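For reference, the structure discussed in these notes is given below.
Nothing in this text is a laboratory measurement; each read-out follows from the coordinates by a stated rule. Remember, predicted model here, so these are calculated numbers, not experimental data. All Cβ positions, glycine included, derive from the backbone under ideal geometry; neighbour counts span all protein chains shown.
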Amino acid sequence: MKNQLVLVLDFGGQYNQLIARRVRECGVYCEVIRYTTPLKEIAARKPAGIIFTGGPNSVYDEKSPHISKEIFEMGIPILGICYGCQLMAYTLGGTVTTCTTSEYGKTETIYDKSSALFQNEELPAQAISWMSHTDYISQAPEGFTVTAHTENCPVAAMECPERKLYAVQFHPEVNHTQYGLTMLDGFLKKVCGCTGDWTMGNYAKTAIADIRKKVGDGRVLLALSGGVDSSVCAALLSRAVGKKLTCIFVDHGFLRKNEGDEVEAAFADKDINFIRVNAKAAFMEKLSGVSDPETKRKTIGEEFIRAFERESKKLGTVDFLAQGTIYPDVIESGTGDAAVIKSHHNVGGLPDYVDFKEIIEPLRLLFKDEV
């Protein structure tokens, strides 16, 4: 069976998560990875396709993210978006030039309906795309065909089907681009050969089996906040390991009115080991005089871990720490050249020393609605 994985290489674009989410909407499993990921590692995962994200940089800036030409020789279908489109052109010998007239926003775009990206009957020969660029491709690389253009952008899309290389200057992942999801679907199904039958339906079954195998006879300590992520994580862990799981709810004193009592009421009467730690005083002391938001997050993250360690020592040996980390937490905490939107306490706040064998994060690759 053909691998149904598609990898999104992040070149610093603000829409990296959205691209991955749109690919999953097409029924294809997708992950975001750094553009600096070694090509051997990418090849080992045998992806059905690769997507280059956009980004705010210019390909002519030495400090901008670039990639080895070898990736285009791997035989893996590639779709370049915005900066990813320009990078493909530049790396393969095309010409990228500063725009006389920059394009930003909704733009009338003319499509070549013979392209695999634009063949869908619903997609007209002319429609609105969302542009955001100050450079543009003035000449496509040798062997490429121009498949879309606008009034000010002569190469709004290009392709070399023989090498399975495709690129669009606009953003098909945003709602402002008409039929954008249809274009992505065309790349995934017609070019990459994906079947589009990946769903969340069997995820719980797989996750439970993986947890059970990893934990074995060990014991698990879950950081339970009472929110959706940690609660779903608790449900998966409970089904997987039963009473080997202990959920610790750290009430740090910053919750909504009566929320601590509501969390306790929701979990205390279930067939689950539940412990509430009233730690308001300890958190207040640690945060006294701290005003920087990042420092606060990391201070809270470390205090969470310390609270878990103190509680776990009362329980005896606990082998695994579980967390309800989800995919946006991981991505937003920074991937190479991408801007750090925020460090998440499940990702950026872990101290160097953690007294557990391993961290278990069964939701780490899921978006919020998938959780």
Query raised in the report: Expressed as an acute angle from 0 to 90° and rounded to the nearest 10, what is the orientation of the C-alpha long axis of helix 228-241 relative to the principal long axis of the chain?
Result: 70 degrees
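How large is the charge dipole for the chain, taken about the Cα centre, if only the Cβ atoms of Lys, Arg (+1) and Asp, Glu (-1) carry charge, to the nearest 20 debye? The partial results should precede the final answer.
On the way: 41 positive and 48 negative charges, 245 e Å.
So the magnitude is around 1180 debye.
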**Report entry** Environment charge at Asp271 (Cβ cut-off 14 Å; Lys +1, Arg +1, Asp -1, Glu -1)
**Finding:** +3
Query raised in the report: Which percent, nearest 5, of DSSP beta bridges in the chain are antiparallel?
Result: 40 percent
Report task. Would you mind checking which residues have amide H under 5 Å from Cys99's amide H? H placed 1.01 Å from N; only 5 or more apart, or other chain. Result -> Asp135, Tyr136
Query - Whole-Hz couplings from phi, Karplus 6.51/-1.76/1.60, listed for the range 64-79; x for Gly and Pro - result: 6, x, 10, 8, 5, 4, 4, 4, 7, 9, 7, x, 8, x, 10, 10
**Report entry** Qualifying GluC sites (Glu not before Pro) in the range 1-93, DSSP loop, other Cβ atoms within 10 Å at most 10
**Finding:** Glu62
Query raised in the report: What shape does the range 107-147 take by its C-alpha gyration tensor, where a ≥ b ≥ c are the square roots of the eigenvalues and a/c under 1.5 counts as rounded, a/b above b/c as prolate, and the rest as oblate?
Result: oblate
Query raised in the report: Most mobile of Arg310, Arg239, Arg24 per a Gaussian network model of the chain (Cα springs, under 10 Å)?
Result: Arg310
Query - Residue-by-residue Karplus 3J(HN,Hα) for the range 266-275, coefficients 6.51, -1.76, 1.60, Hz, glycine and proline x - result: 6, 10, 5, 8, 8, 7, 8, 7, 10, 10
Query raised in the report: Once phi is turned into ³J(HN,Hα) by the Karplus curve 6.51 cos²θ - 1.76 cosθ + 1.60 with θ = phi - 60°, what whole-Hz value does each residue of the range 307-318 show in order, with x for glycine and proline?
Result: 5, 5, 4, 4, 6, 5, 5, 5, 8, x, 5, 10
Query raised in the report: Mean residue ellipticity at 222 nm from the helices of the chain, using -39,500 (n - 2.57) per DSSP H segment of n ≥ 4 over the full residue count, to the nearest 500 deg cm²/dmol?
Result: -8500 deg cm²/dmol
Requested in this report: Pull up all non-local amide H partners of Thr177: gap of 5 or more, or a different chain, and H-to-H distance under 5 Å with H placed in the peptide plane.
Outcome: Trp130
Query raised in the report: So how much slack lies between Asp271 and Glu302, counting 0.36 nm per residue of separation and subtracting their Cα-Cα distance, in nm?
Result: 8.2 nm
Query raised in the report: For the range 11-131, with only Lys/Arg (+1) and Asp/Glu (-1) charged at the beta-carbon, what is the dipole magnitude about the Cα centre, in debye rounded to 20?
Result: 380 debye
Requested in this report: Could you grab the relative contact order for the chain? Cα pairs under 8 Å, six or more apart, rounded to a whole percent.
Outcome: 14 percent
Query raised in the report: Where a ≥ b ≥ c are the square roots of the eigenvalues of the C-alpha gyration tensor, would you call the range 23-139 rounded, which needs a/c under 1.5, or, failing that, prolate if a/b is larger than b/c, or oblate?
Result: oblate
Query raised in the report: Exactly which chymotrypsin sites (Phe, Trp or Tyr not before Pro) in the range 52-105 are in a DSSP loop and have at most 12 other Cβ atoms within 10 Å?
Result: Tyr60
Query raised in the report: How many angstrom separate the Cα center of the range 283-316 from the Cα center of the range 141-167?
Result: 53 Å
Query raised in the report: Reachable lysines from Lys46, Cα under 17 Å, same-chain residues fewer than 8 places away excluded?
Result: Lys2, Lys164, Lys189
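Grab the Cα-Cα distance for Asn175 and Lys257, subtract it from 0.36 nm times how many residues apart they are, and report the gain in nm with one decimal. Mind showing how you got there, number by number?
Numbers: separation 82, 0.36 × 82 = 29.52 nm, distance 3.78 nm.
Difference between extended and current length: 25.7 nm.
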Requested in this report: Could you check how many percent of all C-alpha pairs in the chain are farther apart than 33 Å?
Outcome: 40 percent
Query - Neighbour net charge for Ser129 - beta-carbon separation under 13 angstrom, K R +1, D E -1 - result: -3
Requested in this report: Enumerate the amide H contacts of Gln139 below 5 Å, restricted to partners 5 or more residues apart or on another chain; note that Pro and chain-start residues carry no placed amide H.
Outcome: Thr95
Query raised in the report: For the range 1-48, what is the relative contact order in percent, using Cα pairs closer than 8 Å and at least 6 residues apart in sequence?
Result: 52 percent
